[in-house]
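Here is the structure we will look at.
The values are calculated or read from the model by the stated rules, or taken from the named source; none is laboratory data. Computed from a predicted structure; not experimentally measured. Note that we place each Cβ from the backbone using ideal geometry, even for glycine, and neighbour counts take in every protein chain shown.
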Amino acid sequence: MLKLYFNRLVITLFCFVSLFFISSAQAEQVVVYSARIEQLIKPMFDAFTRDTGIKVRYTTDKEGALLARLKAEGKHTPADMLITADAGNLWQASNLGLLKPVTSEILSTNIPEHLRDPGNTWFGLSIRARTLVYNTNKLKPADLLSYEDLAQPKWKNHLCLRTSKKVYNQSLVAMMIAEHGEAETEKIVRGWVANLATDPLSDDTRAMEFVAAGRCDVTVVNTYYYGRLMKKNPSLPLAVFWPNQESSGVHVNISGAGITRHSNNEPAAIKLLEYLSSAKAQNLFADVNMEYPVNPAIAPDANVAAWGSFKQNPMNLAKAGELQAAAVKLMDRAGYR
Ligand code: FE
């Protein structure tokens, strides 16, 4: 009899202990869907695991595929966090109901207000500045002024632009609509189109190669593409110009993240998000792609800092999402392909 009780006790204890281990093993892992490629996220995840003991499992894919997957998986998704580039994409994910609001003192302190969702579903983790790059043999900084100025007739046949199909340009135009209204923005975009020296180009790097080759004088690109190109070929006659310093500031965008609506491991996921915004991870997150830390307390990489400091547009990036559809239609009307 006593032996039977003892056996039952052992079995019960065994069940409790294994339940404890199973649940704590589940708690000690965060699953991330990332549109940022492995080499841009793995270093931070490894540092986070070293510091907290919490493992990070991740899947990388294009943002469209990840959003479709989150939607299809619904409440059965294994994902706790979505990481992607561009506020327009994060806004879309939030608008589809795929992200949940998070209240965190740490996130509000580390991330400036204009670089996170007013509804707290997504948070910027690095800044990407979309600025002007010009041919130094053809122009001086004093020749340049603003995005809007590139619509002036004096730039006819001197401008190169990347295609309007890229979300980066859609976000830029959406933020211009937020600032100037549709009618004024359409005039500006029509001016750009009238000034193009070539058909819109497939990517930022190609646009800068055209500028360097003298096919046009100036273009609009994200600075990390400039950084990569100049690293490969430092002798190119190209330089960065910070536009709109007397007005709205440089158009910035973000890489960022949000917690999935159906995350079943929210506390660990928030811990990871907070970690990514902290001093420990900010340089890892930004420097690997020559972006800027979102946390104003952290200095950018020396190579990035060498391009100079600039005033950024302080308008909330949610506008890039809200006005994205309007921007796409406007660019189409204006003949920007
Ligand atoms: Fe990019």
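If the Cβ limit is 6 Å and pairs must be 6+ apart or interchain, which residue in segment 53-69 that is part of a helix (DSSP H, G or I) pairs with which residue that is loosely packed, with under 13 Cβ neighbours inside 10 Å and aromatic (Phe, Trp, Tyr)?
Filtered contacts from segment 53-69: no entries.
Within the bounds of segment 156-174, is there any residue that is away from the ligand (no atom under 16 Å from the Cβ) and closer than 17 Å to residue 88 by Cβ? Before you say what the answer is, go through the steps one by one.
From segment 156-174, those away from the ligand (no atom under 16 Å from the Cβ) are 156-160, 173-174; that's our starting set.
So of that shortlist, the ones also closer than 17 Å to residue 88 by Cβ come out as 173-174.
Yes: segment 156-174 contains one or more residues that are away from the ligand (no atom under 16 Å from the Cβ) and closer than 17 Å to residue 88 by Cβ.
How many residues are surrounded by 14 or more Cβ atoms within 10 Å (Cβ to Cβ) and assigned to a helix (DSSP H, G or I) when one looks only at segment 109-127?
3
Hey, could you check segment 113-137 for residues that are of a type in the set (S, T, N, Q) and within 16 Å of the ligand (Cβ to nearest atom) and say which is nearest to residue 92 (Cα to Cα)? Talk me through it step by step, then tell me what you get.
Let us first name the residues in segment 113-137 that are of a type in the set (S, T, N, Q), namely 120-121, 126, 131, 135-137.
Now narrow it down to the ones that are within 16 Å of the ligand (Cβ to nearest atom): 126, 131.
On the way: 126: 19, 131: 24 Å.
So the residue we want is 126.
Of the residues 322, 246, 266, only one is surrounded by fewer than 19 Cβ atoms within 10 Å (Cβ to Cβ) and touching an Asp or Glu at 6+ places or on another chain (Cβ under 8 Å); which?
Result of the check over 322, 246, 266: 266.
Return a yes/no flag: does segment 226-233 have any residue that is surrounded by fewer than 24 Cβ atoms within 10 Å (Cβ to Cβ), part of a loop (DSSP other than H, G, I, E, B) and assigned by TED's automatic domain parsing to the domain that holds residue 146.
Within segment 226-233, one or more residues are surrounded by fewer than 24 Cβ atoms within 10 Å (Cβ to Cβ), part of a loop (DSSP other than H, G, I, E, B) and assigned by TED's automatic domain parsing to the domain that holds residue 146.
What are the residues in segment 42-60 that are exposed (fewer than 15 other Cβ atoms within 10 Å of the Cβ) and in contact with a Phe, Trp or Tyr (Cβ under 7 Å, 6 or more places away or on another chain), if any?
59
For segment 236-275, give me each residue that is aromatic (Phe, Trp, Tyr) and either on the phi > 0 side of the Ramachandran plot or not assigned by TED's automatic domain parsing to the domain that holds residue 222 (or both).
275
Considering only segment 300-337, how many residues are in contact (Cβ under 8 Å) with a residue 12 or more places away in the chain, part of a loop (DSSP other than H, G, I, E, B) and at negative phi?
14
If you check 106, 83, which single one turns out to be closer than 20 Å to residue 293 by Cβ and surrounded by fewer than 17 Cβ atoms within 10 Å (Cβ to Cβ)?
106
Could you say which residue among 194, 207, 178 is outside any loop (DSSP other than H, G, I, E, B) and surrounded by fewer than 18 Cβ atoms within 10 Å (Cβ to Cβ)?
194
Pull out all pairs, ordered by first then second residue, where Cβ-Cβ is under 8 Å, the residues are six or more apart or on different chains, the first lies in segment 219-230 and is over 17 Å from residue 139 (Cβ atoms) and within 13 Å of the ligand (Cβ to nearest atom), and the second is aliphatic (A, V, I, L, M) and in a helix (DSSP H, G or I).
So the pair list comes out as 223/304; 225/208; 227/304; 229/208.
Counting only residues that are part of a loop (DSSP other than H, G, I, E, B) and either touching a His at 6+ places or on another chain (Cβ under 9 Å) or among the charged types (D, E, K, R) (or both), how many does segment 140-156 have?
Qualifying residue count for the region: 3.
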